[in-house]
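Remarks on the structure that follows.
The values are calculated or read from the model by the stated rules, or taken from the named source; none is laboratory data. Computed from a predicted model, the values in this text were never measured in an experiment. Virtual Cβ from ideal backbone geometry, glycine too; neighbours counted across all protein chains shown.
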Amino acid sequence: MKKYLIIYILALLIVTLFSCGVDYNDAYLPEVAKEGESDRTIITLGVINTIPHYEVDYTMHYVLGFNAENDCYRIEVVNYAGDDLIRLRTELLSGRGPDILYSLYFNSHILSPLLNRGMLVDLIPYIDTDPDISRKDFFQNILESMQSPDGCLQLVANQFWIYTLISIPKIVDDLDAFTTTKFLELTQSALNNGIDYPFGEYWTRNEFLNFMFSQVDIGIIDLGNGVSNIESSMFYDILELASFLPEEFAPESGYSRSARIIRGEQFFEFERLENPYTFSKYETLLGDFVILGIPSNNGGVHGAFMRSNIAINASSDHKDAAWDFVRRYLLRDAKVVDNREIPTGLPIRIDLFNEQVEEAMKREWVLVDNGIQIEMRPQTVEGASKLRELIDNISYISRPNEEIANMIMEEIAHFFEGRRTKEEVARVLQNRVQIYLHERN
């Protein structure tokens, strides 16, 4: 009996010794942490992880290539998630942290203060002196929108989505400009005609408000110049419109969203255009359709929601080597597809976009809509032209600010609960947001 007890204790000691000091961050990436000779200088890539493992999986395509080809430097991935993000923010603001930052989506908590303080490297000089990359390779309006007012490009991304509203001519045929006032009128018209869910069965009041204040830029807050314009007719229109919307999801109707639009049971569809296939979907389902944009005082506007954001820490001692890694996201062979070879976004490189469109014009595919398989036709020449025109008209980069969105949602709850008027809510918010912007800038 004693013999077995001694063996058991020895086994526990061995397991404990081998498990001590294991960093599960490294354990997730054994091939990266162990690859290469020990005399190579290590560059750290900080991955801001919001979707478990997805961001790390995507960056591995570039990490493995860099580590295999570079004789002087080796990338090591540090994965930040949960409470680690607080530590990352503290390190970066104190002039430390990883050499390179990657975030699939724009993380305002981490990235906004770095952009405001100029704590990320301007990439324009690197692009201008790179033998394989030129500013002309990219959609100019998007490249310029990613730059700060002084022309610096501290954060770059290699793909984007476009958020918009879609409808059909018989609903918006006489529309001159898709302003918030006109949007309110059309929505009220739908509600007056018994259409309780004018944006679809899942678009409740809270869904609508979250989208308008946290996913798109409707022009009431100028983050770049630190100015709040919440006390505006646009803000009042949105609150008034939201007050008419239902608070609960609709019962399942059995019809797809596109079918509901054709039947006149839904006026608008909020859509995220991710690739040419998303666009060609509406060519098949709706035929003649209208891309309205996001309502604003000046009519419908479109912004780019950037994906695969990457930057170099201004405190890094290895900026040139870091650029040698970052540039891989911007080259001709940059990866903008998932493991099914479906584009995960629209590329900012014009040549890669043209390739996507050419492929979509040759390829039929199957959409599962409300449980029904529908064969999608290839994208048409006219559709490809409309998509390119839409991209060329993008006027801003959408970089949602979580702190401001939370302030807005917190204060407007008082309006819907009847404790404050919309003017009182706007006045309180104007003060809160302006103080935040002042401190932030």
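Answer yes if at least one residue in region 321-340 is of a type in the set (Gly, Ala, Ser), within 16 Å of residue 153 (Cα to Cα) and touching a residue at least 40 places away in the same chain (Cβ under 8 Å), and no otherwise.
yes
Please specify each residue of region 243-276 satisfying the condition of being assigned to a helix (DSSP H, G or I), surrounded by fewer than 20 Cβ atoms within 10 Å (Cβ to Cβ) and either without any contact (Cβ under 8 Å) to a residue 60 or more places away in the chain or in contact with a Leu (Cβ under 9 Å, 6 or more places away or on another chain) (or both).
Result: 259, 262.
Test residue 344 against the criterion of being over 23 Å from residue 295 (Cα atoms), assigned by TED's automatic domain parsing to the domain that holds residue 220 and polar (S, T, N, Q), and give yes or no.
So residue 344 fails the test.
Considering region 97-124 alone, what residues qualify as being out of contact with any strand residue (DSSP E or B) (no Cβ under 7 Å at 6 or more places or on another chain) and either surrounded by 17 or more Cβ atoms within 10 Å (Cβ to Cβ) or modelled with pLDDT under 95 (or both)?
Residues of region 97-124 that are out of contact with any strand residue (DSSP E or B) (no Cβ under 7 Å at 6 or more places or on another chain), as a first pass: 108-109, 112-113, 115-119, 122, 124.
Once the filter is applied, which keeps residues that are out of contact with any strand residue (DSSP E or B) (no Cβ under 7 Å at 6 or more places or on another chain) and either surrounded by 17 or more Cβ atoms within 10 Å (Cβ to Cβ) or modelled with pLDDT under 95 (or both), region 97-124 yields 108, 109, 112, 113, 115, 116, 117, 118, 119, 122.
Would it be correct to say that residue 198 is within 23 Å of the chain's Cα centre (by Cα) and of a type outside the set (S, T, N, Q)? Steps first, please.
Details: within 23 Å of the chain's Cα centre (by Cα): no; of a type outside the set (S, T, N, Q): yes.
Against the criterion (within 23 Å of the chain's Cα centre (by Cα) and of a type outside the set (S, T, N, Q)), residue 198 does not qualify.
Condition (residue is modelled with pLDDT of 90 or more and among the small types (Gly, Ala, Ser)) applied to region 208-219: is it met by at least one residue?
Looking through region 208-219, none of the residues is modelled with pLDDT of 90 or more and among the small types (Gly, Ala, Ser).
Got a sec? Which of 419, 363 is among the charged types (D, E, K, R), free of Cβ contacts under 8 Å to residues at least 12 places away in the same chain and more than 24 Å from residue 301 (Cβ to Cβ)?
That would be 419, the only listed residue that is among the charged types (D, E, K, R), free of Cβ contacts under 8 Å to residues at least 12 places away in the same chain and more than 24 Å from residue 301 (Cβ to Cβ).
Quick check on residue 245: is it farther than 30 Å from residue 75 by Cα, of a type outside the set (Gly, Ala, Ser) and at pLDDT 90 or above?
Answer is no for this residue.
For residues that are of a type in the set (S, T, N, Q) and under 17 Å from residue 348 (Cβ atoms), scanning just region 149-175, find the one that is modelled with the highest pLDDT.
The qualifying residue modelled with the highest pLDDT is 154.
I need the full set of residues from region 369-401 which are crowded, with 16+ Cβ neighbours inside 10 Å, modelled with pLDDT of 90 or more and among the small types (Gly, Ala, Ser), in order please.
383, 384, listed by residue number.
Given the criterion touching a Gly at 6+ places or on another chain (Cβ under 7 Å) and of a type in the set (A, V, I, L, M), identify the matching residue among 177, 157.
The conditions single out 177.
When residues of region 200-222 are filtered for being part of a loop (DSSP other than H, G, I, E, B) and either under 20 Å from residue 415 (Cβ atoms) or in contact with a Lys or Arg (Cβ under 7 Å, 6 or more places away or on another chain) (or both), how many remain?
5
List the helices (runs of 4 or more DSSP H) that sit entirely inside region 325-441 and contain at least 2 residues that are basic (Lys, Arg) and either on the phi < 0 side of the Ramachandran plot or in contact with a Pro (Cβ under 9 Å, 6 or more places away or on another chain) (or both).
On the way: elements: 350-360, 381-392, 402-416, 422-440.
Once the helices (runs of 4 or more DSSP H) in region 325-441 are filtered for at least 2 residues that are basic (Lys, Arg) and either on the phi < 0 side of the Ramachandran plot or in contact with a Pro (Cβ under 9 Å, 6 or more places away or on another chain) (or both), what remains is 381-392, 422-440.
Evaluate the following for residue 249: is it in contact with a Phe, Trp or Tyr (Cβ under 9 Å, 6 or more places away or on another chain), within 16 Å of residue 402 (Cα to Cα) and aromatic (Phe, Trp, Tyr)?
In short, no.
Which residue out of 159, 154 is of a type in the set (S, T, N, Q), touching a residue at least 40 places away in the same chain (Cβ under 8 Å) and in a loop (DSSP other than H, G, I, E, B)?
Just a single option satisfies the conditions, and that option is 154.
Among (1) under 29 Å from residue 139 (Cβ atoms); (2) surrounded by 19 or more Cβ atoms within 10 Å (Cβ to Cβ), there is one condition residue 175 misses while meeting the rest; what is its number?
(2)
Within region 187-194, can one find any residue that is outside any helix (DSSP H, G or I), assigned by TED's automatic domain parsing to the domain that holds residue 272, touching a residue at least 60 places away in the same chain (Cβ under 8 Å) and of a type in the set (S, T, N, Q)?
Going residue by residue through region 187-194, those that are outside any helix (DSSP H, G or I) are 193-194.
Retained after the next criterion (residues that are assigned by TED's automatic domain parsing to the domain that holds residue 272): 193-194.
Add one more test, that the residue is touching a residue at least 60 places away in the same chain (Cβ under 8 Å), and what stays is none.
Among the residues of region 187-194, not one is outside any helix (DSSP H, G or I), assigned by TED's automatic domain parsing to the domain that holds residue 272, touching a residue at least 60 places away in the same chain (Cβ under 8 Å) and of a type in the set (S, T, N, Q), which makes the answer no.
Report, by residue number, each residue of region 57-96 that is of a type in the set (Asp, Glu) and surrounded by fewer than 19 Cβ atoms within 10 Å (Cβ to Cβ).
Of everything in region 57-96, those that are of a type in the set (Asp, Glu) and surrounded by fewer than 19 Cβ atoms within 10 Å (Cβ to Cβ) turn out to be 57, 69, 71, 83, 84, 91.
Conditions tested, residue by residue: (1) modelled with pLDDT of 95 or more; (2) out of contact with any Asp or Glu (no Cβ under 6 Å at 6 or more places or on another chain).
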site	(1), (2)
267	no, yes
313	yes, no
323	yes, yes
333	no, yes
342	no, yes
